[in-house]
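Worksheet: one structure, shown below.
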Amino acid sequence: MEFVGEARFDNIALFEYHDEPLATSSKLDKKVDYDTIRARFTKIRQLVNRQLLENEHARK
């Protein structure tokens, strides 16, 4: 999360993690629960959206 705050992206693609049946990672024992995944995604999305707006205003 700290990295995203410092990076100041101009563009970024975000997605919530989910297991892919054939991926090795789907067989790992310790999983992050969906509520945590959703909360992290939402927090990062809000941060990035704020940065993108700031970047847009700075260009004007």
*asked:* If you filter the stretch 1-47 for chymotrypsin sites (Phe, Trp or Tyr not before Pro), then keep DSSP loop positions with at most 16 other Cβ within 10 Å, what is left?
replied: F9, F15, Y17
*What is the helix-to-structure angle for 34-59, meaning the angle in degrees between its Cα long axis and the longest Cα principal axis of the chain, kept from 0 to 90 and rounded to the nearest 10?*
20 degrees
*Roughly how many nanometres apart are two label points built 7 Å out from the Cα toward the Cβ at Q46 and E6?*
2.3 nm
*Only helical DSSP H runs with n ≥ 4 go in: add -39500 (n - 2.57) per run for the chain, normalise by residue count and round the 222 nm mean residue ellipticity to 500 deg cm²/dmol.*
-17500 deg cm²/dmol
*Cut-off 17 Å (backbone N to label point 7 Å along Cα→Cβ of A13), residues of the stretch 32-60*: 45
*Based on Cβ point charges of +1 for Lys and Arg and -1 for Asp and Glu, what charge dipole magnitude is obtained for the chain about its Cα centre, in debye rounded to the nearest 20?*
180 debye
*Go through the stretch 15-60 and name the GluC sites (Glu not before Pro) that are in a DSSP coil and have 12 or fewer other Cβ atoms within 10 Å of their Cβ.*
E16
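Values quoted throughout were computed directly from the atomic coordinates according to the rules given, and no laboratory measurement underlies them. Here the structure is a predicted model, which means the values were calculated and not measured. FYI the Cβ positions are ideal-geometry reconstructions off the backbone, even for glycines, and counts take in every protein chain you see.
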